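Enquirer: So that we are looking at the same thing, I have put the structure below in structure tokens.
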Amino acid sequence: MLPSRAVAGSWQVRLHRGAKRKVNLLSGTLKASAQTGAGLGLWLPRLAWAALAYNVLVILWGAVVRITGAGAGCGDHWPLCNGVVVPQSPTLHTVIEFSHRLTSGASGLLAIALVALAFAVTGKGHPARFGALLTLGLIILEGLVGGVQVLLGLTAQSTDPARGFVQGIHLANTFALLGALLLTALWASGQPLLRLRGQGRAGALSAAGLVLLLILGMAGAVTALGDLLFLPADGSVGIGTVKHDYAATASIIEKLRVVHPMLAVLTSAYLAWLGVWLRRLRPGAEVLRWSGVLWGLLVAQMLAGFANIALHAPGWMQLLHLLLACLTWLAAVMLVYRALTTLRVSSVSGAAA
Ligand code: HEM
């Protein structure tokens, strides 16, 4: 029989079907409840990891809406589509936009289920509760940003500079959502709480790395918009485009297009260095693994970025670049999480490393 009182630092889960039994959530005990088959608590980590994978697919489908120019497929109506709930005899653009709204709506329902399950199977103060609520908040924000974009007509061929700004916010919120989902899945799987205070330089430099990657992603979203709206007549994307982007007549979205690759080189160099540094100051198998994964993804993403330019940003390459961007972000969040929850090597002075 499991101990009735949970030890400090581990978490409690309540099981349903009347058998109120307090169980220590750390993986050992979870297996115990699985054997006894009463594991509603087992569904929380499963749902969280599934929601993470599902939302990456929703993000990619969102890019299909942009790449196909289908953003106005439901007119400037939101949340209705062309003024109705279910569009009748829809065009291809309406099908693409409407299915994006349905799949985003489903990720909202998933987040509500995550909150309900987290509160049902975890005890007061469990971090999975916070993660699930944060996820739900970010998904609502995601929907609102998308709604504002449609209601303001910042879709399809709109070249309003505000569209670049909204697209950037949309991308930043998307990355924050993926980060929240990853942390929720880790906490639901019994991984340790992340304390931000007292993390010293490791905390500050890791946060700087995540902020840089977020800004890089936002700049990428503006570049993607530039490629959609301002492809030169011959369709080429390259040095010719850079010269064109810096002509006096070029719009702000065009001028910003070249910032992304430059920022990518800077950010990749910084994250590569951060990996080396965290390996030295927060040594551990997980830091070793996730710094290696991040380096691999950075190389792949940089190559994909240059290939994107060389190939004139075809739709499939844009989707691959976006998928790698999501995976690079998740790997960076995972490295920082592991480093900041790993025992630290304190310097002789005892200052936090
Ligand atoms: C760590 C490195 C990089 C990251 C994390 C990254 C991330 C992104 C993101 C998030 C987007 C927006 C995608 C969308 O909204 O659908 C994007 C677009 C773009 N990026 Fe990058 N990028 C990186 C490196 C590069 C490099 C090195 C280049 C070129 C030399 C590049 C060229 C482009 C282009 C042309 C677009 C617009 C076309 C598209 O959507 O694919 N990227 N990038």
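Enquirer: Would you check if there is a residue in segment 100-121 being among the aliphatic types (A, V, I, L, M), within 29 Å of residue 195 (Cβ to Cβ) and in contact with a strand residue (DSSP E or B) (Cβ under 9 Å, 6 or more places away or on another chain)? Quick ask: steps written out before the conclusion?
Expert: We begin by selecting, within segment 100-121, every residue among the aliphatic types (A, V, I, L, M); these are 102, 106, 109-118, 120-121.
Now narrow it down to the ones that are within 29 Å of residue 195 (Cβ to Cβ): 110-118, 120-121.
Those still in the list that are in contact with a strand residue (DSSP E or B) (Cβ under 9 Å, 6 or more places away or on another chain) too: 120-121.
Yes, that holds for at least one residue.
Enquirer: Same structure, new question: Could you tell me which of the residues 214, 205 is more than 16 Å from the ligand (Cβ to nearest atom), at pLDDT 95 or above and open to solvent by 30 Å² or more (accessible area, probe 1.4 Å)? Show your work before the answer.
Expert: Working: 214 fails: more than 16 Å from the ligand (Cβ to nearest atom).
Step by step, each of 214, 205 is checked, and only 205 is more than 16 Å from the ligand (Cβ to nearest atom), at pLDDT 95 or above and open to solvent by 30 Å² or more (accessible area, probe 1.4 Å).
Enquirer: With the requirement that a residue be farther than 16 Å from residue 68 by Cβ, assigned to a loop (DSSP other than H, G, I, E, B) and not hydroxyl-bearing (Ser, Thr, Tyr), what does segment 137-170 give you?
Expert: Those that are farther than 16 Å from residue 68 by Cβ, assigned to a loop (DSSP other than H, G, I, E, B) and not hydroxyl-bearing (Ser, Thr, Tyr): 152, 153, 154, 160.
Enquirer: Can you name the residue in segment 237-257 that is away from the ligand (no atom under 12 Å from the Cβ) and outside any helix (DSSP H, G or I) and, of all such residues, is modelled with the lowest pLDDT?
Expert: 246
Residues checked against (1) touching a residue at least 40 places away in the same chain (Cβ under 8 Å); (2) buried (at least 17 other Cβ atoms within 10 Å of the Cβ); (3) not assigned by TED's automatic domain parsing to the domain that holds residue 133:
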| residue | (1), (2), (3) |
| --- | --- |
| 48 | yes, yes, no |
| 54 | yes, no, no |
| 63 | yes, yes, no |
| 77 | yes, no, no |
| 80 | no, no, no |
| 88 | no, no, no |
| 91 | no, no, no |
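Enquirer: Given the criterion surrounded by 15 or more Cβ atoms within 10 Å (Cβ to Cβ) and either at positive phi or more than 9 Å from the ligand (Cβ to nearest atom) (or both), identify the matching residue among 293, 276.
Expert: Numbers: 276 fails: surrounded by 15 or more Cβ atoms within 10 Å (Cβ to Cβ).
Of the residues listed, the single one that is surrounded by 15 or more Cβ atoms within 10 Å (Cβ to Cβ) and either at positive phi or more than 9 Å from the ligand (Cβ to nearest atom) (or both) is 293.
Enquirer: Go through segment 248-268 and count every residue that is within 30 Å of residue 338 (Cβ to Cβ) and open to solvent by less than 60 Å² (accessible area, probe 1.4 Å). Break it down stepwise before answering.
Expert: Going residue by residue through segment 248-268, those that are within 30 Å of residue 338 (Cβ to Cβ) are 260-268.
Subset that is open to solvent by less than 60 Å² (accessible area, probe 1.4 Å): 260-261, 263-264, 267-268.
So the answer is 6.
Enquirer: Next question, about the same structure. From the list 260, 312, which one is in contact (Cβ under 8 Å) with a residue 24 or more places away in the chain, closer than 27 Å to residue 67 by Cα and not in a helix (DSSP H, G or I)?
Expert: Numbers: 260 fails: not in a helix (DSSP H, G or I).
Answer to the check: 312.
The values are calculated or read from the model by the stated rules, or taken from the named source; none is laboratory data. Computed from a prediction, not measured in an experiment: that's the story for all the values here. Ideal geometry is used to build each Cβ from the backbone, glycine not excepted, and the neighbour counts take in all protein chains shown. Remember, those area values only see protein heavy atoms, side chains included, never the ligands or the DNA or RNA. Shrake-Rupley method; radii C 1.70, N 1.55, O 1.52, S 1.80 Å.
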